[in-house]
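Taken together, the values in this text are just the output of simple stated rules run on the coordinates, not laboratory data. Note that this is a predicted model, so its numbers are computed, not measured. No Cβ is skipped: glycine too gets one built from the backbone with ideal geometry, and neighbour counts run over all protein chains shown.
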């Protein structure tokens, strides 16, 4: 007879299982610092590249043979798209196919890594993680005029192979780490890239929402940690407490959110000061006269509005900004709109004679507009607010109005040596609290168990189609786990402590890690798979072959521009607004179309990215939601993709332009050969040549181009 468990026995069992789960969670591999493993010895010839040794060891154990090497045409097309997001030219393909030297493949990799297009390609991957957009989102979705400076900073950083530990420090605490470096200041815009409800009637709640976003994204992007789940309660599945969450958030508590952070160089500041002095001298009489007319009225109106506020709010406004307490800063932010005096209010308060006189002097002042220096560059970013840091409280159930115990800045306990809570070591700076710098130093430390693992896994994911850890922003106990844990740890330790036998090797170099992965036989495998291998490794968990990958929407669009000869290679600057992307839904304001039509064919990374009005062509190819950090693009296969490649303006224009290019560059059957080589990276087979000639007997050349754009080979990498 079966025994029915009592409530007490069920409770005891539940507690026992919970304790066992917690123990396993505390002992999770990702919480332990990576230790450099020994490179395995494999059967047969030992691979020269350690990556291949780790992969081969798993394949040998499973009795699986690696795939044959990919053909040279496939290989150069694969790596060119991989590193710069553009197709190789027929001339580049020919040069590689003919090059029989031992270092032919290495020379291709080095050329692509040195290309300025490398930063555009790999910067796009980082912008996905950083939830980059050029607008605020929500109902009004206002443009962010200076957001592009962060995008350009990321592209420059990748092109320069900026050490990844410095890249981290600049984004979390550039203003504290290198306060005189405009790039480092611009980098702190990372923290403010999330959506922002600018019309919120509750500035305190609005600030908290931004704090939550920067806390969550910092943990996801740099640490692969789902810390956000611990905001309202202790994490249900990871050893992350609510205390951990708010201690982590406390590092950001003193931050001032700036949209006007000066990022000019000393030379720019000197030139601007000289021009400004000349302008002020020329306009002195006009400005002083205008101030004499407007000043008394503006002061009176401001005092009238201020008098309607509470005594505390009045005191906060009358206190010098550098002497305001944290509470006063919040009061000023909350009531600033109530005391602001608009120009229209001043004009209405003037008498008729004053209005006439003011209009005359404003016209005189306007005459000098051509000599007024342009404003110095500013960026979105962080600095610390003056005064003592505001207190951080644990918020019960994550609610602002349910403040619990005060907490101090600290790191997740489970990531600390011995799993013991330690107070963060913070060195106060001259102009800041030093809190974010302490966090940045900890995140970027070689001793951090997660940071190096997370970034090498992201590189592997983009090169091989999936990460060694599939859940690339979740290295916790509910993540996928590592298919090759020893390889992951070897890559992580190689990043921060490289083998220096060759000399001149710098730690934290991402380009060096790219090179190491791309030179491996594993990367150079074919996508072809035998029946035996398909049965033994159906999901390619062992990397027994290369994964066939579909190009992202931006790469498809850029390829259409490149092969049709229309791509504008100009780099940087404000986002390009295309003619059909000027308006937005709901109450959002329109943005002006970029006047110069040549700008409309810039690379997709430079297009103005609006949260509430997504480009339909890019969206068809799984454009990610910029409201959230995106660790990996989806690769769906849908009808709208086929329709976009058949009928969109991008495709139709590219087809006509490519046809015109072919007519200039080749004649007769040479046009067919050239069309295939430009679009697919190879020449046509005999069968394809025959069919194409028959097709062109009744159809224009542009229709052939459109047909080639719709082949799987055009949007998939073999």
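Among 714, 237, which comes first, then next, by fewest other beta-carbon atoms within 10 Å?
Placing the least packed residue first, the sequence is 237, 714.
Sort 279, 716, 523 by Cβ crowding within 10 Å, fewest neighbours at the top.
716, 279, 523
What's the center-to-center distance, using Cα atoms, between the stretch 546-612 and the stretch 102-167 in Å?
Answer, in whole Å: 15.
Residues in the stretch 532-554, backbone N under 12 Å from the label point at residue 61 (7 Å along the Cα-to-beta-carbon vector): list them, ranges by number please.
So the set is 542.
Given contacts defined as C-alpha pairs under 8 Å and at least six residues apart, what's the relative contact order of the stretch 441-568, whole-number percent?
18 percent
Which ordering of 488, 127, 519 is given by a fewest-first count of other beta-carbon atoms within 10 Å?
Least to most surrounded, the residues fall as 519, 127, 488.
For residue 687 and residue 256, compute 0.36 nm times the residue count separating them, minus their Cα-Cα distance, and round to one decimal in nm.
Extending this stretch completely gives an extra 148.6 nm.
Per the helix-only calculation at 222 nm, which mean residue ellipticity applies to the chain, given -39500 (n - 2.57) for every DSSP H run of n ≥ 4 and division by its residues, nearest 500 deg cm²/dmol?
About -15000 deg cm²/dmol.
Determine the relative contact order of the stretch 64-200: mean sequence separation of Cα pairs under 8 Å and six or more apart, normalised by residue count, in whole percent.
21 percent
Taking the Cβ-Cβ separation of residue 291 and residue 94 as r and a Förster radius of 56 Å, what is the calculated FRET efficiency to the nearest 0.05?
Efficiency computed from Cβ-Cβ geometry: 0.20.
Would you please state which residues of the stretch 543-579 a label at residue 634 would reach in this model, taking the label point 7 Å out along Cα→Cβ and a backbone N cut-off of under 14 Å?
Residues 553 fall inside that zone.
Cα centroids of the stretch 241-302 and the stretch 351-391: how far apart, whole angstrom?
9 Å
Report the label-to-label distance for residue 598 and residue 267 in nanometres (one decimal), using points 7 Å from each Cα along the Cα→Cβ vector.
According to this spin-label approximation, the distance is 2.4 nm.
Using only Cα atoms, locate the centre of the stretch 168-187 and the centre of the stretch 411-432, then give the distance between them in Å, rounded to an integer.
The distance from the Cα centre of the stretch 168-187 to that of the stretch 411-432 comes to 20 Å.
Calculate, for residue 345 and residue 103, the FRET efficiency according to 1/(1 + (r/R0)^6) with r their C-beta to C-beta distance and R0 60 Å; round to the nearest 0.05.
The calculated FRET efficiency here is 0.25.
Calculated from the structure, semi-axes √(5λ) of the Cα gyration tensor in Å equals which of (i) 48, 39, 23; (ii) 46, 31, 27; (iii) 60, 32, 20?
Label of the calculated value: (i).
Run the numbers on the chain and let me know its relative contact order in percent, using alpha-carbon pairs under 8 Å that are six or more apart.
Worked out over the chain, it gives 20 percent.
Round to the nearest 0.05 the FRET efficiency obtained for residue 393 and residue 300 when R0 = 56 Å and r is the Cβ-Cβ distance.
Approximately 0.85, to the nearest 0.05.
With a ≥ b ≥ c the root eigenvalues of the C-alpha gyration tensor of the stretch 264-376, is it rounded (a/c under 1.5), prolate (a/b larger than b/c) or oblate?
Note, shape of the stretch 264-376 comes out oblate.
Please state the shape class of the stretch 677-717: rounded when a/c is under 1.5, otherwise prolate if a/b exceeds b/c and oblate if not, all from the C-alpha gyration tensor.
Verdict is oblate for the stretch 677-717.
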